[in-house]
Amino acid sequence: MRKMKTAAFAATVVGALTLAACSSGGSSDNASEEPDTSGGTAANELTFMFRGGDYDKLAYETAIDAFEAETGAKVKMIITDADQYATKLQAAIAGNKVPDVFYIEPGKMMGYVYAGVLADLTDYVDQATIDNIWDFGTQAYRFNTETGARGQDGDPLYGLPKDVGPFGFGYNTVLFDKLGLEHPSADEPLTFDEFVALAKDLTVDMDGDGELDHWGTGLNVTWNSQAFIWGAGADWISEDQKTVTVDTPEFADALQWFADLGLVEGVTPSAEQAQTLDTYQRWMAGEIGFFPVAPWDIATYNEKAAADPENFGYDVIPYPVANEGDDWSTWLGSLGIAVSENSANKELAAQLATYLSTDLEAQKILAENKVQIPNLIDYATGEWIETDAPAAGWPANTKIFLEIAESKGRPLPGIWTYTPEWYDNFWIGIENVVDNGSQTAADFLAAKQPEMQMLLDQSWVSADQAKAQG
Amino acid sequence: MATTAPPADATATRWSKEDAKAARKANRKRHRNENAWAAAFMAAPVIGWVAFLLFPMGFSIYASMTNWNGLGNMTFVGFDNYVRLVQDPYFWKALWNTVFYMIGIPIGLAISLALALALSRKIRGRTFFRTVYYIPVISSLAAVAILWQWAYNGDFGLVNQALDLVGIDGPNWLMDPTWSKPALIIMAVWKGLGYSTLLYLAAVQAVPRSLYEAAALDGASGWKRFTKITWPMVQPVTFFLVVTNIIGGSMIFTEINIMTPTGGPSWSTASLVWYVWNQAFRNLQMGYATAMALVLGILVLIVTIIQFRINRANDFSID
């Protein structure tokens with residue numbers, strides 16, 4: 001009994017201590033098995049830490065081979081699981097084992113820059129190279145430490161894009177044909193009214209058993225509502241990133257319209273069926289008319305289209321807008337490649353980052369395997385869109401992805417601020433508006449705005465403190 | 001004569017004193033070596049304790065009193081993080097969710113004891129069942145969480161399909177604020193069942209048969225034998241499991257992060273450790289996150305001390 005008590009007490013103490021110690025981010029499980037992330041110390045040694053799949057690894061091995069042959073450098077690659085990358089990078093930084101070159105999310109950049117972790121690459125990357133990358137690809141990594149402004153051309157550059165990820169919209173071509181509907185235009189966005197009318201046409205009971213077999217759409221509010229909110233002229237935040245603007249009438253109207261797709265119009269699967277996985281599965285089963293299409297989906301969608309051509313085929317279209325003539329937009333993501341400020345070989349590391357971001361062969365591998373669209377404008381708008389993309393099986397309207405990368409894409413709200421907590425807060429309780437309709441969009445937003453504003457203010461205070469602390 | 005020759009005793013005493021002195025010297029030398037070795041052996045765990053427990057603990061206490069993003073320098077802010085924590089509704093919500101998850105502990109223990117009692121009998125396929133119940137324990141938590149996420153799918157999930165067979169229209173488990181926490185509790189109970197059952201099985205089998213025989217002779221019913229013999233005799237295991245399960249339950253994170261990565265509908269599944277992790281790594285509030293972690297650690301410690309006090313009244317030996 002005494003032994004049992006002792007064991008229990010020891011377990012308690014260790015548990016309590018571990019709880020406290022683990023939050024300091026210094027340790028991880030199996031620490032002894034972790035690769036050494038420290039930057040290279042010899043004149044030509046570099047360490048590159050990243051996350052990704054097999055094709056990312058293949059592409060980077062190709063680029064790194066070429067880089068090593070050209071510069072005589074030796075590059076050690078450290079690949080981690082995607083869900084553990086951020087934690088491991090932060091632990092590496094806390095442990096003063098910062099790799100020379102590593103991935104960085106644009107939303108986390110400010111803290112890293114203020115802490116002196118990221119090198120300013122402005123002087124290491126020539127203007128011609130920057131001009132040949134999508135504007136957002138470099139803007140995402142520009143940061144003015146004096147004003148706190150993000151995304152402004154001419155400000156210091158703290159990273160280069162691993163990719164730019166246009167979150168496009170698409171439709172099931174087979175279903176449209178089956179129902180005898182005219183395909184939406186690739187050039188002109190549908191208006192909200194046209195979209196609802198088409199969605200109603202797509203919501204049908206095909207076999208007459210009283211159960212719906214197809215639905216117009218089935219969109220996850222967290223990832224799919226941005227384009228519709230923006231398409232109605234509303235936004236989450238003011239241009240100076242200081243004020244939360246969700247309490248405007250146009251925002252409320254757009255969110256209510258989005259919620260009413262399911263609650264009033266009935267063109268989405270019911271709330272019980274509308275779990276994300278379900279709508280994705282239904283889209284893949286050919287039961288959904290409109291659904292998001294992004295570059296990272298292409299390989300899977302192509303496989304499905306080849307395996308089930310009677311039910312599934314797809315293409316890309318612009319996101320709908322509130323009124324005819326309005327400008328459409330959607331969100332554009334990115335992951336960056338940064339260089340450690342304390343790298344012993346900063347110039348060589350910057351050269352590697354540029355190589356990884358812009359090496360033509362690597363870009364070809366990634367695009368051919370449908371991992372991403374090319375970062376290089378001249379290749380993407382020339383050889384790739386004309387011959388390589390169609391040959392590799394990219395959809396007919398792939399040019400829309402390039403359009404998003406060029407001008408229609410916007411960063412997700414929260415990317416330009418020190419932390420995204422204020423934006424994350426928006427989604428807490430959103431199901432009361434879109435799933436069960438127990439709250440109107442206007443009431444929800446009126447209650448949300450002060451809470452989000454408080455968190456945004458707090459984010460700016462934290463940014464100022466981080467800036468002062470260094 | 002008697003005065004010139006020293007008495008045999010005195011000579012013996014003188015010699016023995018010298019011998020003793022030499023022996024003490026030799027002993028001291030030998031002990032010095034032994035002491036050095038002893039100190040070296042003791043140093044290893046002590047150094048480990050200082051390096052891996054005392055220092056991180058001290059560091060955490062200090063970090064909890066700083067404004068620190070986990071990347072740059074720390075700024076001492078005293079108890080500001082603790083004041084913020086008291087005023088933070090999401091801290092309390094996450095703490096409440098974490099406490100709610102503890103409902104699974106007595107449920108899990110009751111099922112485990114029942115299973116242990118069943119498996120301690122000579123039934124067909126006993127080894128098979130023991131193996132089956134233990135498989136979840138050794139399975140990857142991440143993999144298990146993904147499987148349960150599918151099983152809980154409101155439309156296609158196995159759970160609702162099974163409920164449908166008996167005429168029950170199952171809820172949309174992970175998307176419904178009412179059912180999301182029970183869903184996670186069910187999964188946690190299922191995952192931990194094998195371990196608790198194993199410990200209970202060992203305890204049940206260690207109960208002397210003579211006690212049951214004596215009780216049977218006295219005419220005790222099966223229920224009496226369970227409440228008066230089995231239950232008290234397995235109480236140390238129950239106590240151990242309650243304590244360790246509370247510690248484990250307070251650290252619930254992986255399954256929440258995988259099954260409800262945004263904290264569930266209306267934040268209904270967000271546990272305190274999940275919130276700590278988000279504040280530390282997503283929102284770069286390492287100082288604040290550390291303060292929350294320390295408070296959780298202290299709460300667990302207090303609960304355990306109370307348990308020890310309560311348990312003392314029912315102290316029992318199974319030796």
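Within the range A:427-454, the set of residues being under 15 Å from A:F258 (Cβ atoms), hydrophobic (A, V, I, L, M, F, W, C) and not in a helix (DSSP H, G or I) comprises A:W427, A:I430. Within the range A:455-470, the set of residues being within 11 Å of chain B (Cβ to nearest Cβ) and either among the aromatic types (F, W, Y) or in a helix (DSSP H, G or I) (or both) comprises A:L455, A:Q458, A:S459, A:V461, A:S462, A:A463, A:D464, A:Q465, A:A466, A:K467, A:A468, A:Q469. Here B:S60 meets each of (1) within 13 Å of chain A (Cβ to nearest Cβ); (2) in contact with a Lys or Arg (Cβ under 7 Å, 6 or more places away or on another chain) with one exception, condition (2).
Would you confirm whether or not the range A:409-425 contains a residue that is part of a helix (DSSP H, G or I), more than 9 Å from chain B (Cβ to nearest Cβ) and under 18 Å from A:A140 (Cβ atoms)? For the range A:409-425, residues part of a helix (DSSP H, G or I), more than 9 Å from chain B (Cβ to nearest Cβ) and under 18 Å from A:A140 (Cβ atoms): present. Annotation note: of A:D247, A:D278, A:D315, the sole residue that is of a type in the set (D, E, K, R) and at pLDDT below 95 is A:D278.
None of B:K122, B:K93 is at pLDDT below 90, in the same structural domain as B:Q285 (by TED's automatic domain parsing) and not aliphatic (A, V, I, L, M) except B:K122.
Within the range A:121-155, the residues that satisfy the criterion of being within 17 Å of A:V339 (Cβ to Cβ), surrounded by fewer than 18 Cβ atoms within 10 Å (Cβ to Cβ) and in contact (Cβ under 8 Å) with a residue 40 or more places away in the chain are A:T129, A:T145.
Taken over the range A:220-242, residues that are surrounded by 15 or more Cβ atoms within 10 Å (Cβ to Cβ) and either acidic (D, E) or touching a helix residue (DSSP H, G or I) at 6+ places or on another chain (Cβ under 7 Å) (or both) amount to 10.
Between residues in the range B:71-85 that are more than 13 Å from every other protein chain (Cβ to nearest Cβ) and residues that are not in a helix (DSSP H, G or I), which pairs lie under 8 Å by C-beta distance while being six or more apart or on different chains? These pairs meet every condition: B:G78/B:M65; B:F79/B:M65; B:Y82/B:S64.
Looking at B:I107, is it in a helix (DSSP H, G or I), touching a helix residue (DSSP H, G or I) at 6+ places or on another chain (Cβ under 8 Å) and under 30 Å from B:W190 (Cβ atoms)?
Yes: the conditions hold for B:I107.
Test of understanding: among A:P309, A:P295, which residue is in contact with a strand residue (DSSP E or B) (Cβ under 8 Å, 6 or more places away or on another chain) and farther than 29 Å from B:W148 by Cβ? Step by step, each of A:P309, A:P295 is checked, and only A:P295 is in contact with a strand residue (DSSP E or B) (Cβ under 8 Å, 6 or more places away or on another chain) and farther than 29 Å from B:W148 by Cβ. The condition of being at pLDDT below 95 and closer than 17 Å to A:A227 by Cα holds for only one of A:G414, A:G437, A:G429, A:G409, that being A:G414.
This table checks each residue for (1) in contact with a Pro (Cβ under 8 Å, 6 or more places away or on another chain); (2) assigned to a helix (DSSP H, G or I); (3) not polar (S, T, N, Q).
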| residue | (1), (2), (3) |
| --- | --- |
| B:S16 | no, yes, no |
| B:K21 | no, yes, yes |
| B:K25 | no, yes, yes |
| B:E34 | no, yes, yes |
| B:W37 | no, yes, yes |
| B:P45 | no, yes, yes |
| B:F52 | no, yes, yes |
| B:L71 | no, no, yes |
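Pick from the range A:253-272 the residues that are of a type in the set (A, V, I, L, M, F, W, C) and either surrounded by fewer than 17 Cβ atoms within 10 Å (Cβ to Cβ) or under 26 Å from B:F156 (Cβ atoms) (or both): which of them is nearest to the other protein chains (Cβ to nearest Cβ)? In this case the residue turns out to be A:A271.
When A:N369 is tested against (1) over 28 Å from A:Y114 (Cβ atoms); (2) within 14 Å of chain B (Cβ to nearest Cβ); (3) of a type outside the set (F, W, Y), only condition (2) is not met. On inspection, B:V86 qualifies as more than 25 Å from the chain's Cα centre (by Cα) and either surrounded by fewer than 16 Cβ atoms within 10 Å (Cβ to Cβ) or among the acidic types (D, E) (or both).
Scanning the range A:89-133 for residues that are hydroxyl-bearing (S, T, Y), away from chain B (no Cβ under 11 Å) and out of contact with any Lys or Arg (no Cβ under 7 Å at 6 or more places or on another chain) returns A:T122, A:Y124, A:T129. Looking only at residues in the range B:157-188 that are within 13 Å of chain A (Cβ to nearest Cβ), exposed (fewer than 15 other Cβ atoms within 10 Å of the Cβ) and assigned to a loop (DSSP other than H, G, I, E, B), the one that is farthest from the chain's Cα centre (by Cα) is B:D169.
Residues are listed down the side, and each one gets a yes or a no for (1) out of contact with any Ser or Thr (no Cβ under 8 Å at 6 or more places or on another chain); (2) within 15 Å of A:P106 (Cα to Cα):
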{"position": "A:A119", "(1), (2)": "no, yes"}
{"position": "A:N132", "(1), (2)": "no, no"}
{"position": "A:G151", "(1), (2)": "yes, yes"}
{"position": "A:G159", "(1), (2)": "yes, yes"}
{"position": "A:V164", "(1), (2)": "no, yes"}
{"position": "A:L179", "(1), (2)": "yes, no"}
{"position": "A:F192", "(1), (2)": "yes, no"}
{"position": "A:G208", "(1), (2)": "yes, no"}
{"position": "A:A234", "(1), (2)": "no, no"}
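The single residue among A:D247, A:D207 that is touching a residue at least 12 places away in the same chain (Cβ under 8 Å) and either in a loop (DSSP other than H, G, I, E, B) or closer than 21 Å to A:N436 by Cα (or both) turns out to be A:D247.
Against the condition over 23 Å from B:A94 (Cα atoms) and of a type outside the set (D, E, K, R), how does B:T197 come out, does it pass? When the stated conditions are applied, B:T197 passes them. If you filter the range A:321-337 down to residues that are aliphatic (A, V, I, L, M) and either without any contact (Cβ under 8 Å) to a residue 24 or more places away in the chain or in a strand (DSSP E or B) (or both), you find that the one that is nearest to A:A227 (Cα to Cα) is A:V321. Return yes or no: is A:V101 among the β-branched types (V, I, T), over 30 Å from A:L219 (Cβ atoms) and surrounded by 23 or more Cβ atoms within 10 Å (Cβ to Cβ)? Against the criterion (among the β-branched types (V, I, T), over 30 Å from A:L219 (Cβ atoms) and surrounded by 23 or more Cβ atoms within 10 Å (Cβ to Cβ)), A:V101 qualifies.
Here B:G194 qualifies as buried (at least 20 other Cβ atoms within 10 Å of the Cβ), touching a Pro at 6+ places or on another chain (Cβ under 7 Å), outside any loop (DSSP other than H, G, I, E, B) and small (G, A, S).
Within the range A:85-93, the presence of at least one residue that is under 23 Å from the mean Cα position of the chain (by Cα), without any contact (Cβ under 8 Å) to a residue 24 or more places away in the chain and surrounded by fewer than 23 Cβ atoms within 10 Å (Cβ to Cβ) is confirmed. Out of the range B:256-307, which residues are farther than 22 Å from A:L89 by Cα and at the interface with chain A (Cβ under 8 Å from one of its Cβ atoms)? Passing the criteria: B:G263, B:P265, B:S266, B:W267, B:M292, B:L294, B:L296, B:G297, B:I298, B:V300, B:L301, B:T304.
The values are calculated or read from the model by the stated rules, or taken from the named source; none is laboratory data. Fair warning: this is a prediction, and the values are worked out from it, not measured in the lab. Note that each Cβ is placed from the backbone with ideal geometry, even for glycine, and that neighbours are counted across all protein chains shown.
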